[in-house]
1. Gaussian network model of the chain, Cα springs within a sub-10 Å range: biggest mean-square fluctuation belongs to which of 37, 187, 69?
2. Answer rounded, prolate or oblate for the stretch 33-79, using the Cα gyration tensor with square roots of eigenvalues a ≥ b ≥ c: rounded when a/c is under 1.5, else prolate when a/b is larger than b/c, else oblate.
3. Could you work out the helix-only [θ] at 222 nm for the chain, with each DSSP H run of four or more residues adding -39,500 (n - 2.57) and the total divided by the number of residues, to the nearest 500 deg cm²/dmol?
4. If the elastic network links every pair of Cα atoms under 10 Å, which of 38, 22, 170 fluctuates the most in the Gaussian network model of the chain?
5. Arrange the following residues from fewest to most other Cβ atoms within 10 Å of their Cβ: 60, 9.
6. If packing is taken as the mean number of other Cβ atoms within 10 Å per residue, what is the order of 200-212, 109-121, highest first?
7. Could you calculate the contour length gain from residue 152 to residue 164, that is, 0.36 nm times the residue separation minus the distance between their Cα atoms, to one decimal place in nm?
8. Beta carbons within 10 angstrom, averaged per residue: use that to sort the peptides 83-95, 130-142, 152-164, highest first.
């Protein structure tokens, strides 16, 4: 069995992934419009989740990204469970904002269900494609694999999220607008952030003394074991 290395910055990357996912889900409860363009508030921060996934897969490998995905998933589940429990607790008579709280967070379960499914499928596709392309290209043409993996992962993620979260609540034309804008915006952010992503990846590889290639990795998503 291969001994798992201890990394200085991996835990910070996982923490950032958890925070990004939770904050994005809270922001996603509001649909916003800029003229004819429809989006949700979560789009402001959510592209960072894929950038973090790219960084972790490129530096630490698929297994470490897989663990980060499941950790983020678990904390998001805890958030929805907590908010759902609080919503059902009896309120103090005459307390302010009770109705507003129930209205806002009563919508959380559908948003989170959509996000959980979309995040799991999209992130695993993103990490899998990136890891496979890295091995195939022998670590060259990093920009190609970053964009290609994000294109596939974000497209699947956006379609699943939009359909599960808002199907029946907006018109068909609005849904198409929402999906296309979401995919386009996230890919645009990823592309614009490539110079920063490059710098972070190269800095982490140097600091961690790691540039992992998933040549013998077990790509099952149903594990958090780093020694697989």
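1. Looking only at 37, 187, 69, the largest GNM fluctuation is found for 37.
2. Since a/c reaches 1.5 but b/c is at least a/b, the shape of the stretch 33-79 is classed as oblate.
3. My calculation for the chain gives -23500 deg cm²/dmol from helical runs alone.
4. 170
5. Ranking 60, 9 by Cβ neighbours within 10 Å, fewest first, gives 9, 60.
6. The peptides rank, most packed first, as 109-121, 200-212.
7. On the way: separation 12, 0.36 × 12 = 4.32 nm, distance 1.85 nm.
Length gained between residue 152 and residue 164: 2.5 nm.
8. Numbers: 83-95: 10.0, 130-142: 15.8, 152-164: 21.5.
For the peptides 83-95, 130-142, 152-164, the packing ranking is 152-164, 130-142, 83-95.
Throughout, read-outs are computed from the coordinates displayed, never taken from laboratory work. This structure is a prediction, so every number in the text was calculated from the model and none was measured. Glycine gets a Cβ as well: all are built from the backbone with ideal geometry, and neighbour counts include every protein chain shown.
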